[in-house]
Amino acid sequence: MQEQRSHSVCSGPVGAAVNAADALRHSREFFGEFAQRGWFGPARSVAARLIVPNGVLFAGLLMVFQVAVAVSVLTRTTAVVPALVIGGCFAAGAAFFLSPGPAVVSAGLAHSISSLR
């Protein structure tokens with residue numbers, strides 16, 4: 001029986017650093033779940049063939065992307081709306097790898113935040 005590892009989820013700057021270190025250290029397992037549990041067949045295939053073998057690279061790119069979107073939103077510069085659109089597109093794409101539910105929630109939050117401007 002394979003040991004089930006729980007992923008830590010922390011918030012705030014310290015939590016982001018902990019999550020980043022965890023994602024980098026366990027990137028193959030993290031992205032391996034996408035290859036195993038994805039509901040959309042082609043996405044499972046892409047995850048297994050491209051993302052899992054290059055897990056550290058994709059984890060790093062994911063963190064850079066998340067930081068860029070967060071900084072754009074928090075600083076409320078003119079990049080807020082494009083950052084939210086890109087973040088929403090990312091969430092919609094991620095729905096193909098895991099499940100549509102979180103993507104719908106993320107898109108709703110992005111729309112709500114953009115309407116605050």
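Only the coordinates and a few stated rules stand behind these numbers; no lab work does. Model, not experiment: these values are computed from the prediction. Cβ placement follows ideal geometry from the backbone for every residue including glycine, while neighbour counts extend to all protein chains displayed.
For Gly55, the requirement of being farther than 23 Å from Ala17 by Cβ, in contact with a His (Cβ under 9 Å, 6 or more places away or on another chain) and either free of Cβ contacts under 8 Å to residues at least 12 places away in the same chain or crowded, with 18+ Cβ neighbours inside 10 Å (or both) is not met. If only residues of region 34-52 that are touching a residue at least 60 places away in the same chain (Cβ under 8 Å) and of a type outside the set (Gly, Ala, Ser) are counted, the one that is surrounded by the most Cβ atoms within 10 Å (Cβ to Cβ) is Phe34.
Results for (1) on the phi > 0 side of the Ramachandran plot; (2) of a type in the set (Val, Ile, Thr); (3) within 14 Å of the chain's Cα centre (by Cα); (4) part of a helix (DSSP H, G or I), shown as yes or no for each residue.
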| position | (1), (2), (3), (4) |
| --- | --- |
| Leu61 | no, no, yes, yes |
| Val64 | no, yes, yes, yes |
| Val69 | no, yes, yes, yes |
| Pro82 | no, no, no, yes |
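Considering region 71-80, the residues that are among the hydroxyl-bearing types (Ser, Thr, Tyr) and in a helix (DSSP H, G or I) include one that is surrounded by the fewest Cβ atoms within 10 Å (Cβ to Cβ), namely Thr75.
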